[in-house]
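The values are calculated or read from the model by the stated rules, or taken from the named source; none is laboratory data. Predicted model, so just to flag it, every value in this text is computed and none were measured. When we count neighbours, we look across all protein chains shown, and the Cβ atoms used for this are built from the backbone with ideal geometry, even at glycine.
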Amino acid sequence: MANATDTVAAAPMPRASGRWNQRKIAPWLFLAPGLFMFAVYVLWPIVQSISLSFYDWNGLYNRDGEFTGRFIGLQNYRELGSDPAFEISLWNNLKWLVLYMLALPIGLFLSIFLNQTVRGIRLYKSLFFFPFVISQVVVGLIFAWFYAPNFGLFYLLTEWITGDGTAILADPDLVTYGIIAAGLWPQIAYVMILYLTGLNNVAPDQIEAARLDGAKGWKMLWYVVLPQLRPATFIAVIVTVIGALRSFDLVSIMTSGGPFGSSRVLSFYMYEMALGEIGLRMGYGAAIAVVLFAIMMIFISGFIWKMWRDETQR
């Protein structure tokens, strides 16, 4: 009898084990389509670009559809080290990265200003959000006209103030800063929206408790509000770094890398070398893309590590 009882009691175990397996497998089944698309359209192109950077290839196949590239090892990367155009592009990208970070504090303060319940605030939000919804091509054209010599508003304004108008897009020393200012316009709007969403999730009881303790102004912002905006800040930093490094469209529309190549960035120089009129050097363009990817990963990985360290120390 004891053996029969033990057999009956042990019978439901496989069913419980099956349920546990279903719970373990089900999330991966839901993630499988997304993981597949990510592997095919993100990871595999990255691997191909790294592999292609070790070849000298003009982008063409032979009649039989065979790859015609010639393996040259690290020669493309050695050439990058002595390429003055690459050096200019790299320094311009670093300028983009540093100055694009201005979008974070400006977007934060705009979101705090707009996070009020006053009459007409929705209209102000729409006006500030407008730059983000228009195309980067349109932004580039607007600022190209804004900077245009003889009739551009900025040119006329500087001419009225100094007596001599400044044609920013024709000045090799100023052109990069002019394009960055154009890119900051929609980027600030995007960061502002991220922080507005984050401010809606700030715990009001913590705000009231801080006010009772006498906190206000900068102390309230630094010690109470900003710690609760960590998720929004994380996303804002990631998209700002990516936006700074993929600054191809504004450079292409406003200057095409000029004057004299002084406004080139890595993404535009990669396009020139791989697909442009002076290019058809796919391997060299892939090497530039790998360097751009490495810079992006260094910045993003560093910020993720800092966020993770701060969270674990709390």
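Filter region 78-104 down to residues that are closer than 22 Å to Tyr177 by Cβ and among the charged types (D, E, K, R) and give me whichever is surrounded by the fewest Cβ atoms within 10 Å (Cβ to Cβ).
Per the stated criteria, the residue is Glu87.
So, of the residues in region 47-72 that are modelled with pLDDT of 90 or more and among the small types (Gly, Ala, Ser), which turns out to be surrounded by the fewest Cβ atoms within 10 Å (Cβ to Cβ)?
In this case the residue turns out to be Ser51.
Being touching a residue at least 40 places away in the same chain (Cβ under 8 Å) and either closer than 24 Å to Ile179 by Cβ or not in a helix (DSSP H, G or I) (or both) is the filter here; which residues of region 105-132 pass it?
First, pick out the residues of region 105-132 that are touching a residue at least 40 places away in the same chain (Cβ under 8 Å): 106-108, 110-112, 114-115, 125, 128-132.
Ile106, Gly107, Leu108, Leu110, Asn115, Phe128, Phe129, Phe130, Pro131, Phe132 - these are the residues of region 105-132 that are touching a residue at least 40 places away in the same chain (Cβ under 8 Å) and either closer than 24 Å to Ile179 by Cβ or not in a helix (DSSP H, G or I) (or both).
Can you tell me which residue in region 249-271 is nearest to Trp96 (Cα to Cα), limited to those that are free of Cβ contacts under 8 Å to residues at least 40 places away in the same chain and surrounded by 23 or more Cβ atoms within 10 Å (Cβ to Cβ)?
Checking each candidate, the answer is Gly257.
Among the aliphatic types (A, V, I, L, M), assigned by TED's automatic domain parsing to the domain that holds Ile180, under 20 Å from Gly217 (Cα atoms) and within 17 Å of the chain's Cα centre (by Cα): does that describe Leu110? Don't jump to the end; show me each part of the working.
On the way: among the aliphatic types (A, V, I, L, M): yes; assigned by TED's automatic domain parsing to the domain that holds Ile180: yes; under 20 Å from Gly217 (Cα atoms): yes; within 17 Å of the chain's Cα centre (by Cα): no.
Here the answer is no, as Leu110 does not meet what is asked.
For region 217-229, check the following and say yes or no: at least one residue is small (Gly, Ala, Ser) and either in contact with a Ser or Thr (Cβ under 7 Å, 6 or more places away or on another chain) or crowded, with 18+ Cβ neighbours inside 10 Å (or both). Outline the logic, then answer.
Step one: filter region 217-229 for residues small (Gly, Ala, Ser), giving 217.
When the remaining residues are screened for being either in contact with a Ser or Thr (Cβ under 7 Å, 6 or more places away or on another chain) or crowded, with 18+ Cβ neighbours inside 10 Å (or both), the result is none.
Checked against the condition, which is being small (Gly, Ala, Ser) and either in contact with a Ser or Thr (Cβ under 7 Å, 6 or more places away or on another chain) or crowded, with 18+ Cβ neighbours inside 10 Å (or both), region 217-229 yields no hits at all.
Looking at region 279-291, I want the residues that are under 16 Å from Val47 (Cβ atoms) and in the same structural domain as Arg264 (by TED's automatic domain parsing) and have a partner that is assigned to a helix (DSSP H, G or I) and among the β-branched types (Val, Ile, Thr) with Cβ atoms under 7 Å, at least 6 apart or on another chain. Which pairs are those?
If the second residue must be assigned to a helix (DSSP H, G or I) and among the β-branched types (Val, Ile, Thr), the pairs left are Val290/Ile50.
Could you tell me whether any residue of region 156-175 is surrounded by fewer than 21 Cβ atoms within 10 Å (Cβ to Cβ), within 29 Å of Leu108 (Cβ to Cβ), in contact (Cβ under 8 Å) with a residue 12 or more places away in the chain and in contact with a helix residue (DSSP H, G or I) (Cβ under 9 Å, 6 or more places away or on another chain)?
Looking for residues that are surrounded by fewer than 21 Cβ atoms within 10 Å (Cβ to Cβ), within 29 Å of Leu108 (Cβ to Cβ), in contact (Cβ under 8 Å) with a residue 12 or more places away in the chain and in contact with a helix residue (DSSP H, G or I) (Cβ under 9 Å, 6 or more places away or on another chain), one finds none in region 156-175, hence no.
Is at least one residue of region 219-231 more than 14 Å from the chain's Cα centre (by Cα) and polar (S, T, N, Q)?
As a first pass, look at region 219-231 and keep what is more than 14 Å from the chain's Cα centre (by Cα): 219-231.
Next, only the ones that are polar (S, T, N, Q) stay: 228.
Among the residues of region 219-231, at least one is more than 14 Å from the chain's Cα centre (by Cα) and polar (S, T, N, Q), which makes the answer yes.
Can you find even one residue in region 109-122 that is under 30 Å from Ile295 (Cα atoms) and either of a type in the set (Asp, Glu) or touching a helix residue (DSSP H, G or I) at 6+ places or on another chain (Cβ under 6 Å) (or both)?
Going residue by residue through region 109-122, those that are under 30 Å from Ile295 (Cα atoms) are 109-111.
From the residues that got through so far, the ones that are either of a type in the set (Asp, Glu) or touching a helix residue (DSSP H, G or I) at 6+ places or on another chain (Cβ under 6 Å) (or both) too are 110-111.
For region 109-122, residues under 30 Å from Ile295 (Cα atoms) and either of a type in the set (Asp, Glu) or touching a helix residue (DSSP H, G or I) at 6+ places or on another chain (Cβ under 6 Å) (or both): present.
Cβ contacts < 6 Å: first residue in contact (Cβ under 8 Å) with a residue 12 or more places away in the chain, restricted to region 72-94; second residue in a loop (DSSP other than H, G, I, E, B) and of a type in the set (Ser, Thr, Tyr), any location; separation 6+ or different chain. Result?
As it stands, the answer is Asn76/Ser53, since those pairs meet every condition given.
I want to confirm something. Restricting to region 272-281 and keeping residues that are within 19 Å of Leu90 (Cβ to Cβ) and out of contact with any Gly (no Cβ under 8 Å at 6 or more places or on another chain), which single residue is surrounded by the most Cβ atoms within 10 Å (Cβ to Cβ)? Step through it out loud before you land on a result.
Applying the first criterion (within 19 Å of Leu90 (Cβ to Cβ)) to region 272-281 yields 272-274, 276, 278-279, 281.
Next, only the ones that are out of contact with any Gly (no Cβ under 8 Å at 6 or more places or on another chain) stay: 276, 278, 281.
Values: Gly276: 16, Ile278: 7, Arg281: 21.
In this case the residue turns out to be Arg281.
Go through region 237-255 and give me each residue that's under 21 Å from Asp173 (Cβ atoms), modelled with pLDDT of 90 or more and of a type in the set (S, T, N, Q).
Across region 237-255, the qualifying residues are Ser252, Thr255.
So, of the residues in region 179-221 that are over 30 Å from Ile134 (Cα atoms) and not in a helix (DSSP H, G or I), which turns out to be modelled with the highest pLDDT?
The first filter runs over region 179-221 and keeps only residues over 30 Å from Ile134 (Cα atoms), leaving 203-221.
Right, trim to not in a helix (DSSP H, G or I) and you get 203, 213-217.
Values: Ala203: 80, Asp213: 74, Gly214: 74, Ala215: 72, Lys216: 74, Gly217: 75.
Within region 179-221, the match that is modelled with the highest pLDDT is Ala203.
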